[in-house]
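The values are calculated or read from the model by the stated rules, or taken from the named source; none is laboratory data. Quick caveat: nothing in here was measured; it's all calculated off a predicted structure. Please note: Cβ atoms are built from the backbone with ideal geometry, for glycine as well, and neighbour counts cover all protein chains shown. Protein only, heavy atoms only, side chains kept; ligands, DNA and RNA dropped before computing areas. Shrake-Rupley method; radii C 1.70, N 1.55, O 1.52, S 1.80 Å.
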Amino acid sequence: MEQITKNTMDNSRQAISVENLHKSFGTNEVLKGVNLSASQGEVISILGSSGSGKSTLLRCINLLEIPNSGILRVSGEEVLMKKNRRGENQPVDKRQVERIRAKLAMVFQQFNLWSHMTILDNVSEAPIHVLKKGRKTAREKAVHYLEKVGIGDKLDAYPAQLSGGQQQRAAIARALAMEPEVILFDEPTSALDPELVGEVLQVIRDLALEGRTMIVVTHEMGFAKEVSSRTIFLDEGLIIEDGSPAEIFDTPKTDRFKAFIAAMM
């Protein structure tokens, strides 16, 4: 299978750049040489079947997983890697990893809120401890972002007291509170009941209108068509379609993507 490479962006404006990224778990090669760039202000939707490598790609970008090989740049800064004694890739500088991660925020499928903390504390905790913000400033920012996602009335509630949609909106507020350069969404609606999906997608739409740089792994075809500036299709660890939503949905180039669309629509 041939990897589609599409890199027409000005390198000076690239928020994310991935070159020839490989990632294996044991003998299972999940990413087989992925090339992807995201320019500042782009919203990229990543589509693909289960097991295609979508979540692994996001986790490699956020360095929650360390790629076996390849080059990752965030805002033009290359993440430095070296081989350990077992021949495995590892970051050269932990401080660089912390600095890179501070530029990225990730919203997970399962919310990952701390159950023993109020929603306000969930959102303000990382800016206090990671960004070293003062407690008053961090809490003011947290209130601002919770109001932004529509749950400003839930500051003192605990996660268990919120619906799934409200919890995911709190998770988005937590990501925003880090004031990242890029937000990564890993199937943000997959754990929600159908009637709650719309409220979360609306928040992401609003963020897209603000010009935020986002990479969204999703199975929501309508969202990918409406909100994305680019849509890619990942299949068996390779990008085989990459273009504007109109390009890839109206004139798909591969039988594999045609079959995927038919199954999802």
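Computed values, structure above
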quantity: Search result, residues across the stretch 179-199 that are open to solvent by less than 30 Å² (accessible area, probe 1.4 Å) and either part of a strand (DSSP E or B) or closer than 16 Å to residue 16 by Cβ (or both); calculated: 180, 182, 183, 184, 185, 186
quantity: Unmet requirement for residue 205, which otherwise passes all of (1) in contact (Cβ under 8 Å) with a residue 60 or more places away in the chain; (2) surrounded by fewer than 17 Cβ atoms within 10 Å (Cβ to Cβ); (3) in contact with a helix residue (DSSP H, G or I) (Cβ under 8 Å, 6 or more places away or on another chain); calculated: (1)
quantity: Which numbered condition residue 31 fails, given (1) at pLDDT below 95; (2) surrounded by 19 or more Cβ atoms within 10 Å (Cβ to Cβ); calculated: (1)
quantity: Search result, residues across the stretch 82-97 that are of a type outside the set (A, V, I, L, M, F, W, C) and touching a residue at least 12 places away in the same chain (Cβ under 8 Å); calculated: 88, 89, 90, 91, 93, 96
quantity: Residue 248 vs. criteria at pLDDT below 95, over 30 Å from residue 177 (Cα atoms), touching a strand residue (DSSP E or B) at 6+ places or on another chain (Cβ under 6 Å) and open to solvent by less than 20 Å² (accessible area, probe 1.4 Å); calculated: yes
quantity: Residue that is most open to solvent (accessible area, probe 1.4 Å) [pool: residues in the stretch 226-245 that are in contact (Cβ under 8 Å) with a residue 60 or more places away in the chain and among the acidic types (Asp, Glu)]; calculated: 236
